[in-house]
Structures are given as C-alpha cells and as structure tokens.
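Please read the structure below before turning to the comments.
Taken together, the values in this text are just the output of simple stated rules run on the coordinates, not laboratory data. Note that this is a predicted model, so its numbers are computed, not measured. Ideal geometry is used to build each Cβ from the backbone, glycine not excepted, and the neighbour counts take in all protein chains shown.
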Amino acid sequence: MSSPEPNAPSLRAAWAALAILCAAYLLSVFDRQIISLVIGEIKRDLSLDDFQSSLVLGSAFAVTYILFGLPSGYLVDRFGSRRVIMTGVAIWSFSSAATAFVDSFWGVMLCRAGVGMGEAALMPAAYSLIAGTFPRHRVGLAMSIFVFGAPVGAGLSLLIGGPALDFALRVGPVHVALAGTIHPWQMVMISTAVPGVLLIALASRLPGRVALAAATSPATVAAITPDAAPQPDAGHFRTHLWLYLRIFLGYGLGGLVGATTSLWAPQYMIRSLHWSATDVGLVYGTINLVGASGIHLVTGVVLDMLAKRGSTNAPVSVYLAMVVLGLPFSFLLFSTASSVLFVVALIAVSMLVKPSMAFGSLAVQSITPSSLRGRAAGGYSTAVALLAYGTGPALVGYLTEHVFRDGAKLGAALTIVLTSANLLVLVLLLSLLRPIARHALSVPRHEG
C-alpha cells in the first residue's frame, strides 16, 4: 500500500486538513457569491448603473484572481500552504467586509479586487497540501471531496444570505456610534468577516511545508510542480495551439453560462419575478446544493464507464450531449414570465451546462504530456476565469445599460448572452470530437 513521505502528516491528520480546506473553499465561494444577492441594494445606495454593477459582480474579482494565481503558487513553494492560506483568508474576508464601508463605485471595485486576490491563494495551496499529505490511492478522492466546496458554498451563500438580507431589510438602517448609519446590505457584508476569523484560527492548525507524497502519480506531481518534472519539447503547445484554443474557448464559454447565471439570476428573480431574497435563497440555494452535487457524481460514473470501454473523447461527447439538452432551457430561462418554468429551466441549466470546468480539465489532461499539464491547467484556468467572471456578467450589464438602456430588459440581455454562448459551445465541441480522440495520449479518467 502506498504511503505519504515520512515527514508528511498521518492519514488522520490529512483528513483533518482536508476538512479545513473544504471549509476554506466553501467560505471563499460563499464570499464570492454573496454579492449577487445584495448588488441591487448596493446599486441603489451608490447610484450605480447595470454596467457598473456587472463589473462589481465579475470583472473586478476576475482580474486579480487571474493576476495573483501564479504568484500564489510561488509563495506556496516558498512559505508553505498554511501561511499562504491564512493570509489569503484574511485578505478576502477583510475585503468582503470592507465593501460595507465604501461609498463609491471604485471603492466597491477595489474591495472586490481584494476578494479575488485573497481567493487566488487558496487553490494552489490546497492542491499542494492535498498532494503532499495523501497517498496516491486517496488523492483522487480527496480532490473530489475538496471541489464539492464550490456548489456547497454557492448554495449556502444563498440559503443563508437570502433570509439574512430580508431580516436586515425588515430591521432597516441602524445607527452605530462612530460608524454612522449601517444599511441592510452593509450588515450582510460585515457579517462575512466572522467566519473568516474562525477559519484563520482553523487554518493555523494545517500542516506546514510538506513534500509531495512518494506515491503521488507523475501527472499529479507535474500539475503541482511542473518545473520539477522532465520537460518535453515545448513545441507541443505550438503544434496543437488551435486544439487547445478550441478547448479553452468551448469550456470557457460553458463556464460563462454558469457564472453569468449564478451572478445575475438572484437579481433577475428579485427584479423581474418579484421574489423575496429568502425565496431566492431557498430555491436557488437548494438547486446548487443538491443539483450541482448530484450531477457531479452522475457524470463521474458515466465518464469512468466510457473510459473503461476505451472512449478517448468522453469529456467532449458527454458534455456535448448535456449542452444539446440544455440549449432550449438556456433560452427559456430568462425569457419566461412563469416562475414555475423559470425554476425548471434554472435546474436544467445548472445541471446540464454549468458543470463545464471538470469536463474541460479532463479534455486538456487527455492531450497533454504529464510534465506539461501544470502549465496547460494554468492556461485553462486563466481562460475560464477570464471568460466566466471577467466577460459574461459584464456583457449582460453592457447590454442593459448601453444597448437597451432599460434595466427592465435584464432578462432579454441574459437570454442573448446565454443562448449565444451555448450555440458557440455547441459548435466548438462538435469541432473537437475527432481531434480529441485522435490526439489523446491516454484515456481520460474521472477520479471521484
């Protein structure tokens, strides 16, 4: 049986560390998503337009998240995961809470940029720590458990944030000595600092710098420390540039559909369907918690089954089928006036189109030599973040503010962006079916 390095923590300590990492990922997505509930209140109090609101929702976060991703990886190698995670949590928690104390568009943008900078530290630190504390035969399971923090965090941010906002709205503005008048949305943002303080205390119990597990697979080692692995001819990327670009664009646009839906759907439900924040949290939070987690497990089983049968393009063919099924729902989602049809379409889009990241990652893995997978994964993650958070939400705001010039046209703007993106995804995935099968270096396997 494979085991970690002698200086690595015990398996029990590894599972304890994983629990803390899951809590950190959950909280990071919670703080990232909570803004979608209160952006309407921020827009009103700070006199923002829809385009400015869209930049607050996505672009401000995406830019720093992308810029600080690689430097964070270097800091992990230099100082260890524990220090980097504690610092990252402190930065994003402070920045999220500080949003409550700014009174301008640029102030909110700066705070959201701080959230992106802090959260950029988590992923490289977590991947490094998981690979360094778990033996090979448990790394896949540990990684799968870790990524469940995303749908859980998104779901809880809505389930908790919705009722919290409604409660704060019922209480109304509160006057606090020295701080002045605190509005309901400010109360919600301030409250995000509390779990951050607790998480920093928990993170202090994480292992320090640990070596990669001796039995960790070469692919995992290369993904986390690519510079330490033997380097094949870098011409691989030049030779297959068009193939990589289609993967990045295809799955990145799928991510755009997911992120744009996640960030704008709560405001559409409040603004156009006249739902309360509590109702938004209950419905959309449950969809994230149950639907997103469930589809992850189902698609994992399907991908493993196809891989065992020798399929070399399963990450493309399975996601292509899901997009085809989800396409009519992406058109229906924000064009219907029926709450029932909206919920049905929201479930379909969340389960069929939204989970693009894992499929794209497997597609990249299948055509990339093991010692280049770290750089390929970095390029893929950057492209997805840029399209999903940096572009999608901003396009919606631009359409409502500068094309339609009517905030009531939010549904029309969302329909145009989501349907167009899904059609492009469909075309790109169709163009990938044969090339992925032809250039696959190994049968991609879903570990989880």
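Points to keep in mind about this one:
- The residues Lys43, Lys308, when put in order of fewest to most other Cβ atoms within 10 Å, stand as Lys308, Lys43.
- Translational diffusion of the range 233-448, µm² s⁻¹ [Kirkwood Rh, Cα pairs; Stokes-Einstein; 25 °C; 0.890 mPa s]: 138 µm²/s
- Local charge for Val425 was computed over the other residues whose Cβ lies under 15 Å away, with Lys and Arg +1 and Asp and Glu -1, and equals +2.
- ³J(HN,Hα), Karplus 6.51/-1.76/1.60, whole Hz, each residue of the range 265-281, x for Gly, Pro: 4, x, 5, 5, 5, 6, 7, 9, 9, 6, 7, 7, 4, 5, 5, 4, x
- For Ile182, residues with placed amide H under 5 Å, excluding near neighbours: Val174, His175, Val176
- Summing Lys and Arg as +1 and Asp and Glu as -1 over all other residues whose Cβ lies under 9 Å from the Cβ of Gly153 gives a net charge of 0.
- In order through the range 158-171: 3J(HN,Hα) via Karplus (6.51 cos²θ - 1.76 cosθ + 1.60), integer Hz, x for Gly, Pro: 7, 5, 8, x, x, x, 5, 5, 4, 4, 5, 5, 5, 5
- Going from the fewest other Cβ atoms within 10 Å to the most, the residues Tyr25, Tyr251 appear in the order Tyr25, Tyr251.
- The alpha-carbon of Lys43 sits under 21 angstrom from the alpha-carbons of these lysines, leaving out residues fewer than 8 places away in its chain: Lys409.
- Amide H contacts under 5 Å for Thr368: Leu441, restricted to partners 5 or more places along the chain or on a different chain, H placed in the peptide plane at 1.01 Å from N.
- Between Asp103 and Leu341, the contour length at 0.36 nm per residue exceeds the alpha carbon distance by 81.9 nm.
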